[in-house]
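> Here's a structure for you.
The values are calculated or read from the model by the stated rules, or taken from the named source; none is laboratory data. Here the structure is a predicted model, which means the values were calculated and not measured. Note that we place each Cβ from the backbone using ideal geometry, even for glycine, and neighbour counts take in every protein chain shown. Ligands, DNA and RNA are stripped out before the accessible areas are found, and what is left, the full protein with its side chains, is counted by its heavy atoms. Shrake-Rupley method; radii C 1.70, N 1.55, O 1.52, S 1.80 Å.
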Amino acid sequence: YLLRPRQVMQFEKISIQGQKRIERMIAWIKEFGSADDLLVDVDAILTNLRFGITADDFEAAFNDLGTALGFVTQRPDKELREGPDNLWALRDDLYWIVECKNQVDPNRKEINKGETGQMNNSCAWFKQHYPGAKNKNMMIIWTKMVGAAAGFNEPVRIMTNKKLESLVKSVRATFDELKGLDLQDLSEVKLQENIDRHGLGVEQLLHNYSEEPVQK
């Protein structure tokens with residue numbers, strides 16, 4: 001990320017097609033020697049998922065969270081200087097476009113025109129690079145109120161501070177249940193039950209930790 005090559009960076013699509021999420025998640029977990037080592041890494045990710053932290057650290061943590069949860073992730077804006085802050089491949093032909101505004105002034109009551117414009121541009125970028133694929137859209141920001149001069153071109157859900165804290169709590173609880181277990185002999189069925197119990201299934205991620213914006 002420090003130096004841009006003289007030639008334009010080559011865009012590569014991400015995809016989870018033909019891969020099981022649970023298998024990817026277990027493969028990531030098995031990279032750690034013990035549950036204690038795993039939980040230290042998870043805690044480092046979650047510590048950076050809070051409002052007020054630097055945007056780069058937040059977006060990197062959200063990217064790492066997706067990997068930990070078994071998804072294929074990318075940071076197009078960081079890697080290519082175009083597209084959304086975060087992009088997750090959730091399942092075959094379903095992607096999650098995420099714009100992170102965690103450094104916005106908490107006293108500001110509305111999402112402004114520039115922010116909705118950035119979301120709209122990210123959606124347009126996705127349509128260009130992933131023709132025919134389905135996408136869900138989310139903005140992480142303090143407020144769900146959209147200013148009178150602003151507007152989204154596609155449906156967008158909002159993750160406020162309260163919803164973000166709820167997500168962090170669910171992720172922490174999911175991995176805490178791995179304490180004392182042999183990470184090299186994890187049951188897919190047990191881990192899937194754990195994911196569902198703590199609200200980290202795909203549909204739960206898309207709806208439980210965000211809400212509809214309110215247009216002024």
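> Please verify whether Glu23 is surrounded by 13 or more Cβ atoms within 10 Å (Cβ to Cβ) and acidic (Asp, Glu), treating the condition exactly as stated.
Numbers: surrounded by 13 or more Cβ atoms within 10 Å (Cβ to Cβ): no; acidic (Asp, Glu): yes.
The answer is no for Glu23.
> On to the next question. Test Gly151 against the stated conditions and say whether it is open to solvent by less than 80 Å² (accessible area, probe 1.4 Å), farther than 30 Å from Glu31 by Cα and either of a type in the set (A, V, I, L, M) or not in a helix (DSSP H, G or I) (or both).
So Gly151 passes the test.
> Give all pairs with beta carbons closer than 7 Å in which a residue from the range 63-75 that is within 18 Å of Lys13 (Cβ to Cβ) meets a residue that is open to solvent by 10 Å² or more (accessible area, probe 1.4 Å) and part of a helix (DSSP H, G or I); count only pairs at least 6 apart in sequence or on separate chains.
So the pair list comes out as Thr67/Trp28; Phe71/Arg21; Thr73/Asn63; Thr73/Thr67; Arg75/Glu59; Arg75/Asn63.
> Quick one: in the range 64-119, which of the residues that are assigned to a helix (DSSP H, G or I) and under 11 Å from the mean Cα position of the chain (by Cα) is surrounded by the fewest Cβ atoms within 10 Å (Cβ to Cβ)?
Restricting attention to the range 64-119, the residues satisfying the condition of being assigned to a helix (DSSP H, G or I) are 64-68, 76-80, 113-119.
Add one more test, that the residue is under 11 Å from the mean Cα position of the chain (by Cα), and what stays is 64-68.
On the way: Asp64: 19, Leu65: 21, Gly66: 21, Thr67: 15, Ala68: 21.
Only one residue fits best here, namely Thr67.
> Give the residue, chosen from Ser166, Ser170, Ser122, that is among the polar types (S, T, N, Q) and open to solvent by 30 Å² or more (accessible area, probe 1.4 Å). Walk me through it before giving the result.
Values: Ser170 fails: open to solvent by 30 Å² or more (accessible area, probe 1.4 Å); Ser122 fails: open to solvent by 30 Å² or more (accessible area, probe 1.4 Å).
Going through Ser166, Ser170, Ser122 in turn, just one is among the polar types (S, T, N, Q) and open to solvent by 30 Å² or more (accessible area, probe 1.4 Å): Ser166.
> Do any residues in the range 79-107 that are more than 17 Å from Ala68 (Cβ to Cβ) have Cβ atoms under 7 Å from those of residues that are of a type in the set (Asp, Glu) and assigned to a strand (DSSP E or B), where the two are at least six apart or on different chains, and which pairs are they?
From residues that are more than 17 Å from Ala68 (Cβ to Cβ), the pairs are Pro84/Glu99; Asp85/Glu99.
> Please verify whether Leu46 is of a type in the set (A, V, I, L, M, F, W, C) and either at pLDDT 90 or above or open to solvent by less than 30 Å² (accessible area, probe 1.4 Å) (or both), treating the condition exactly as stated.
Taking the combined requirement at face value, the residue satisfies it.
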